[in-house]
Amino acid sequence: MNTFTHSVKQYIEGIGGALLFNTGNDVLKMPTQLVQTLVTDEKGQVWILVPKPLQQIEQFHPHFPARLHYYKKGHPVALQVYGKATIVTDPETVSVFKLEHHNAQWDTNTMMLVHVQIQHVEVFDLAPKKAFSKSGIMDWFNSLVQWLFGRKKPAYRHEWAIAGESTELVYVG
């Protein structure tokens, strides 16, 4: 496991919760919802707990393109994780997962297991910058605009993607 994959794993597990978006074009889509991350493995898979929708799980397509938005107030990094999500419906796989990961205790009547194979990651550095510098009036104006519109512009944005058939993330820019 390279150092970037290790740091993404630390960021994801440090933030813990995410918003799950179904970015597919299916007629019946999984709703956007708050999910809990259980484990991020070395293969680039994020295992998450998702509240079961009102519809039967069998009505949804088991594989769909997904986006996970990780953000936590006060955390220096935000992540956008894009990949292919798979709803795990096999009871044997769910029970084996519960046995392997002791912290994975949930009610199978209200929650379901989904894993997302990471294909693309965007990392946003949200570390606060120094409020004022030598160009004082411009910094004051930028602070005023950010305060008025409530936007927190990231200082740095980095992107990584899966290259070819490998599971290694490659820096895009």
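A few remarks follow.
- A simple charge model with +1 on the Cβ of Lys and Arg, -1 on the Cβ of Asp and Glu and nothing else charged puts the dipole of the stretch 33-104 at about 420 debye relative to its Cα centre.
- Average accessible surface for the stretch 23-142: 60 Å² per residue, computed with a 1.4 Å probe over protein heavy atoms with every protein chain in place.
- Whole-percent pair-distance distribution, where bins are 5 Å wide, for the alpha carbons of the stretch 10-72: 4, 16, 27, 26, 16, 9, 3, 0
- Note on the stretch 1-53: dipole from Cβ charges, positive end direction compared against 24, 7, 49; the farthest Cα belongs to 24.
The values are calculated or read from the model by the stated rules, or taken from the named source; none is laboratory data. Everything numeric here is computed off the predicted structure, so don't read it as measured data. Cβ: placed from backbone, ideal geometry, glycine included. Neighbour counts: every protein chain shown. Protein only, heavy atoms only, side chains kept; ligands, DNA and RNA dropped before computing areas. Shrake-Rupley method; radii C 1.70, N 1.55, O 1.52, S 1.80 Å.
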